[in-house]
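Working notes for the structure below.
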Amino acid sequence: MKKILYRLFIYLWVGVMLFLGIHLFFFAEKKATVEESENRTLAPFPEISSENVFGGGFSQGMESWMSDHTPFRKDTIGISRSLRQFLSLASVEEQLADMTRTDDALSEPEVTEEELAAAARAHLWKIVHNTEEEDTYSISMTDPSLMKNAPKPAVSENDFPSSFPVHLEIDGKKYDYYSFSRRSVLAVTNVLDRVAALLPDDGTLVFTMVPQSSIGTRFANAKEKTDLSCRAEEAVEAFGADNVHAISATNILAEAMKNGEYVYFRTDMHWTPYGTYLVYREMADLAWVKPADWDDYEKTVETPFRGTYYRDNPNSYMRDNPDDLTLITPKFGLEWRRITGPDEYKVIPFLNMNAKKNDRYTVYLGGPAGPWTYAQCDNGKENNCLVITDSFGLAFVPMVTQNYGQVHYYDPRYFDKRTVGGSVADMIKKYDIKDVYVVVGDLHAYSSGFLITQLSNQLGDK
């Protein structure tokens, strides 16, 4: 009986391998193709050359190609996503149930015209004039104290659609990526409200979501660039507490790409440091601090740079069109500290020049890490800020060192309460955090547990 079972198993295994081989040889796509549902380019069949074969690139590329073109792969991914969304449902509903909105616009009585004008402060940076005092503003038309974190006008959920895709229109065609549900956006907004409630009265939280470069470069390379936008951040701005503001990195980067600006890497999933700077500049405005000039940073350029896309799916296009990686640091001294205990830290390099060749973006801060790190800046600034982020925030942290005496970096994936000696709320209080910047990539924005579950559970405000 055992021999029969063994033979059946062998026959079944050989049959599966034959089916897989026939499918891959005759039906699988050999060229690089864009998979809309995954927002990335599927691996092409690896280039056959002596350099590629003996250098190991062919076997690595073959493995990626076979993985990307396995039969029923899309169906399996769809089932996996549905299961993941089902398992996170309770967490979303938990956040929605917690949205009392005692301190935001929905609980306010009918607003006056003055309050409506004040609520538009997010857009008034265009008419802001610097005073002689650094990092302060004066508005020619009104008192700045009425503008910062002023009451927001009342809104209804019906003012916004039930879902928020990253919308792309190029060359006469339309595409929707990552359709975020309204309830998930509201659940994230609640978590942001809870963080903002821990800040001082004059503290501000600013949020943005960054699409991956697979979307951005597709827009940048199009002949006809009609639209690249997302309205999710509009809803966060509208429904968030008075000291919670959101800005669309999608819209900012799209305008830059229309002007030919180099804001996304071609061979890596991240934005370029200059693209990061453009978004930082407007986020700083929302926090009511003076953004630094691009020339305020020391800059060196590494070229050629071929990032993680090329590492995972090497092809001739990315090989022949490498990127440049600009390394920026402030012109003043700073000490980059990693917390190793409740009252202990060790100093580590601000730029980790040992980062791997095809993952050089992690030169910034040594890549995503934890449990908590911060920059002690020799710039004469008194206030401190916290950046809650994933890998997209690595290049963002050097930007805000211009504006704060301490810049704290926290990635919920690597947080350890026992090591740092408390919750995120405890850390905000301990280090006297005034402003918070939340900068996350699209995969961690609204449809994952990054903010709704991990940040929520680590916050310690309940």
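Kindly indicate which of Ala232, Ala238, Ala256 is out of contact with any strand residue (DSSP E or B) (no Cβ under 7 Å at 6 or more places or on another chain) and in contact (Cβ under 8 Å) with a residue 60 or more places away in the chain.
Residue meeting the stated conditions: Ala238.
Can we say Pro342 is in contact (Cβ under 8 Å) with a residue 12 or more places away in the chain and over 23 Å from the mean Cα position of the chain (by Cα)?
Spelling it out, Pro342 is indeed in contact (Cβ under 8 Å) with a residue 12 or more places away in the chain and over 23 Å from the mean Cα position of the chain (by Cα).
Counting only residues that are closer than 30 Å to Leu186 by Cα and either over 21 Å from the mean Cα position of the chain (by Cα) or not charged (D, E, K, R) (or both), give me the strands (runs of 3 or more DSSP E) lying completely in region 204-320 with at least 2 of them.
Per the criteria, 205-210, 225-229, 244-246.
Looking only at region 329-361, filter to residues that are surrounded by fewer than 19 Cβ atoms within 10 Å (Cβ to Cβ) and hydroxyl-bearing (Ser, Thr, Tyr); which one of those is nearest to Gly422 (Cα to Cα)?
Across region 329-361, the extreme among qualifying residues is Thr340.
Going through region 176-187 one residue at a time, which ones are crowded, with 20+ Cβ neighbours inside 10 Å, part of a helix (DSSP H, G or I) and touching a strand residue (DSSP E or B) at 6+ places or on another chain (Cβ under 8 Å)?
If the condition is that a residue be crowded, with 20+ Cβ neighbours inside 10 Å, part of a helix (DSSP H, G or I) and touching a strand residue (DSSP E or B) at 6+ places or on another chain (Cβ under 8 Å), then Val185 is the only one that fits.
Tell me which residues, restricted to region 305-328, are of a type outside the set (D, E, K, R) and surrounded by fewer than 16 Cβ atoms within 10 Å (Cβ to Cβ).
Residues satisfying the conditions are Ser316, Tyr317, Asn321.
Checking Arg194 against (1) surrounded by fewer than 18 Cβ atoms within 10 Å (Cβ to Cβ); (2) of a type in the set (Lys, Arg); (3) in contact with a helix residue (DSSP H, G or I) (Cβ under 7 Å, 6 or more places away or on another chain), which test does it fail?
It is condition (1) that Arg194 fails.
Testing Val155 on (1) closer than 20 Å to Asn259 by Cα; (2) surrounded by fewer than 20 Cβ atoms within 10 Å (Cβ to Cβ); (3) of a type in the set (Val, Ile, Thr), one condition comes back false. Which one is that?
Failing condition for Val155: (1).
Every number here is computed from the coordinates shown, using simple stated rules; none is lab data. Bear in mind that the values here come from a model prediction, so they are computed numbers and not experimental data. Here Cβ is always computed from backbone atoms with ideal geometry, including for glycine, and neighbour counts include all displayed protein chains.
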